[in-house]
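The values are calculated or read from the model by the stated rules, or taken from the named source; none is laboratory data. All values reported here derive from a predicted model rather than from experimental measurement. Cβ sites come from the backbone with ideal geometry, for glycine too, and all protein chains shown count toward neighbours.
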Amino acid sequence: MTVNLTVEAAGDVQVVKPKTGYEFLIDTLATWHVRHYAGVTGGGVIHLLKHLEPMVVPDDGAERPVFFNVGEYVAGFIPLGYYLASGKISAAIATTGAATRLLTCGLSDAKLHNIPAIYLIPLSPADTRYRAPLQDTSPDGADVVAQLRAELPSGTFVLNDPDSIEEQLEEARKQLDQGSPIALLMPPEALGRRMPELVQTAWHRDGVHKPNKIDHGSLTHFLAEFPRQSAGRRVIVLAGEEAARYPYMPVLTTRLCKALQAPIVWSINGANAVARNNSFGFGYLGFGGNDRAMQLWKSLGPDDIVITLGFCPDEYTLNFSDIPAHTTWNFTNLTAPYGSVGGEFRHRVRGEYFDVRGPIDQVLSEAIGRLEGLHLQRPPAPAFVADLNDRNILPPRAGTIDIARFYQELDRQWQSGSIAFDDVCLAYKDRQYVTQRPHPNVRFHSLYRGSAMGGAFGAAIGAKLAKPEATVFAFLGDGCFRLIAGCLAEARSLGLVLFVLDNGALGIMVQGLPVVIPDYSSDRYHSDLYRIDFGSMARACGWTSRKLMPDLSNLAEIMRESYSPGHPSILVEVPVDAEQVVGQNPRANNL
């Protein structure tokens, strides 16, 4: 068995006492090192949650599974932040009906960003079909199984047969190993039953995930073809978010650029795979991207070679365009990443396309070792440029902060081991334009592909649960805040730091709609928001609150408090001018 069940010795034979399917499921997930569950009790999840202890503090040193009670919308994003902070997997759980819909907003982002996460969802009892049960999940009601299979065709598992549950969970685990979320659907009549009594002599299996091995065939092909093919040609590297999952990638990408004399650009999350002092760095590409990076990418042509470290197919990075290079080499360890066709991105390039498969850090390390010794001849890389932007940013209106100066000052304050999340607001467009290069002391993450407002809050909670010793920040707009405000109380003791960008508007709309609908007056943008006293709301929920001065004179003090040990969660009100345009939004032209 793959579970930690109660056993009694009978001579040389171990008799495993039967447990319910719910207990079997929890025990199996424990062997996958799943320790944290988050969500809301009620209805069909009661009989699973009764086997879990409530979480008192994020990390009490014990390995037993615990449950964190927090609203379903927020809970659905917790496994994403948990994985991004630690590389470990956690579970989100909610009952039927509206709770499932709230929870699975996070599931969508997990799929779109290739993040392994577990979603536990109950089903109505089979014998209630045609009897109009409350929150009917059958094909006659919400048809939940079909809904989830439409989004996760290979990752949806109905655990309706105790005799095959082991095989189903093993298949589910394989999906997680390939960077995909899974939905485990729980029929009560199946999981409420006692599992068959098992008699066996060896039931333990190591629950540690073994990483995939290098595909030496594809690596050999790269090492044979790339030196010949790239002779005399320009090489450009794009660091994607898959590469950012490997902790030593900044060192490897610097070595790669130096060996190939190749400039490098990066996606919003791919920045975590690049060192700040990489002298070949040209900045963020796409949404909020730097001017130099955009100019370099637009100069690509049929004589160039592109190396993608995890292909980034999304609209915010490539803006629907294809890569027009002579050849694109994609390093990846995912078999079916989001945006691929048949596991490949051949449809997104105009020239030749090849995958080099295996854990990117291992494959790249071996490839660089070989390439460094070849002393390849090619055009010299463009000269290092300290400032990657050439636009002038206009100042904000009186009484608000200068968002550009805000991020510049923050960049001087980060302490080692920080984790931060940008929400779906001006924060996930402006920060990268201002800071230009990643900071070694903080890893920023953005769940922009699903673009679900408020998701950064749940992700920040997940990161804190996974790494209690880290200082975790989230940057939300005043529109995002409205989706998560009801869950502030549950996060009061976690020590999070939440910056709320308060501009009384949906800022992305204020800046984008003059391009999208230029012939309509601003009242048709429907972007105005009523002002909220965010500090009072936070304090009422047990948080500390601070208000950032427009001249930023208290920012250093706020950051010192943020890094002080043992503080409650802190909400920082940031007065922002919605009309101060900093980062660019190429997507506005698509609309």
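Which count do you get for residues in the range 536-550 that are charged (D, E, K, R) and either touching a Cys at 6+ places or on another chain (Cβ under 8 Å) or touching a residue at least 24 places away in the same chain (Cβ under 8 Å) (or both)?
Step one: of the range 536-550, the residues charged (D, E, K, R) are 539, 546-547.
Filter again for either touching a Cys at 6+ places or on another chain (Cβ under 8 Å) or touching a residue at least 24 places away in the same chain (Cβ under 8 Å) (or both), leaving 546-547.
So the count comes out to 2.
Output the residue which, of all residues in the range 156-171 that are part of a loop (DSSP other than H, G, I, E, B) and among the acidic types (Asp, Glu), is modelled with the lowest pLDDT. Can you show your working first?
Step one: of the range 156-171, the residues part of a loop (DSSP other than H, G, I, E, B) are 159-164.
From what is left, the residues that are among the acidic types (Asp, Glu) are 161, 163.
Values: 161: 90, 163: 87.
Filtering first and then ranking leaves 163.
It is to be established whether one or more residues within the range 567-576 are among the small types (Gly, Ala, Ser) and surrounded by fewer than 20 Cβ atoms within 10 Å (Cβ to Cβ). Explain how you work it out, then say what you get.
Applying the first criterion (among the small types (Gly, Ala, Ser)) to the range 567-576 yields 569.
Narrowing the set further to residues that are surrounded by fewer than 20 Cβ atoms within 10 Å (Cβ to Cβ) leaves none.
No; the residues of the range 567-576 include none that is among the small types (Gly, Ala, Ser) and surrounded by fewer than 20 Cβ atoms within 10 Å (Cβ to Cβ).
Please tell me if residue 465 is within 24 Å of residue 317 (Cβ to Cβ) and either at pLDDT 95 or above or acidic (Asp, Glu) (or both). Show your work before the answer.
Working: within 24 Å of residue 317 (Cβ to Cβ): no; either at pLDDT 95 or above or acidic (Asp, Glu) (or both): yes.
So residue 465 fails the test.
Only one of these is crowded, with 23+ Cβ neighbours inside 10 Å and in the same structural domain as residue 360 (by TED's automatic domain parsing): 267, 230, 279. Name it.
267
Is at least one residue of the range 74-84 among the aromatic types (Phe, Trp, Tyr), in contact with a Ser or Thr (Cβ under 7 Å, 6 or more places away or on another chain), at pLDDT 95 or above and closer than 23 Å to residue 569 by Cβ?
Going through the range 74-84, the residues among the aromatic types (Phe, Trp, Tyr) turn out to be 77, 82-83.
Applying the additional criterion that residues be in contact with a Ser or Thr (Cβ under 7 Å, 6 or more places away or on another chain) yields 82.
Retained after the next criterion (residues that are at pLDDT 95 or above): 82.
Filter once more, keeping what is closer than 23 Å to residue 569 by Cβ: 82.
Within the range 74-84 (the criterion being among the aromatic types (Phe, Trp, Tyr), in contact with a Ser or Thr (Cβ under 7 Å, 6 or more places away or on another chain), at pLDDT 95 or above and closer than 23 Å to residue 569 by Cβ), the answer is yes, since at least one residue qualifies.
Condition first: within 30 Å of residue 242 (Cβ to Cβ) and at pLDDT 95 or above. Can you find one or more residues in the range 46-58 that meet it?
Of the range 46-58, the ones within 30 Å of residue 242 (Cβ to Cβ) are 58.
Filter once more, keeping what is at pLDDT 95 or above: none.
No, the range 46-58 contains no residue that is within 30 Å of residue 242 (Cβ to Cβ) and at pLDDT 95 or above.
Could you go through the range 482-505 and let me know if any residue there is closer than 20 Å to residue 587 by Cα and either touching a helix residue (DSSP H, G or I) at 6+ places or on another chain (Cβ under 9 Å) or not in a loop (DSSP other than H, G, I, E, B) (or both). Steps first, please.
Going through the range 482-505, the residues closer than 20 Å to residue 587 by Cα turn out to be 505.
Filter once more, keeping what is either touching a helix residue (DSSP H, G or I) at 6+ places or on another chain (Cβ under 9 Å) or not in a loop (DSSP other than H, G, I, E, B) (or both): 505.
Within the range 482-505, one or more residues are closer than 20 Å to residue 587 by Cα and either touching a helix residue (DSSP H, G or I) at 6+ places or on another chain (Cβ under 9 Å) or not in a loop (DSSP other than H, G, I, E, B) (or both).
Which ones in the range 411-438 are over 24 Å from residue 78 (Cα atoms), touching a residue at least 60 places away in the same chain (Cβ under 8 Å) and surrounded by fewer than 22 Cβ atoms within 10 Å (Cβ to Cβ)?
413, 434, 437, listed by residue number.
Among the residues of the range 133-155, write down those that are closer than 20 Å to residue 111 by Cβ and part of a loop (DSSP other than H, G, I, E, B).
Filtering the range 133-155 for residues closer than 20 Å to residue 111 by Cβ gives 142-155.
142, 143, 152, 153, 154, 155 - these are the residues of the range 133-155 that are closer than 20 Å to residue 111 by Cβ and part of a loop (DSSP other than H, G, I, E, B).
Inspect all residues belonging to the range 532-539 and state whether any of them is part of a loop (DSSP other than H, G, I, E, B), farther than 29 Å from residue 290 by Cβ and not charged (D, E, K, R).
yes
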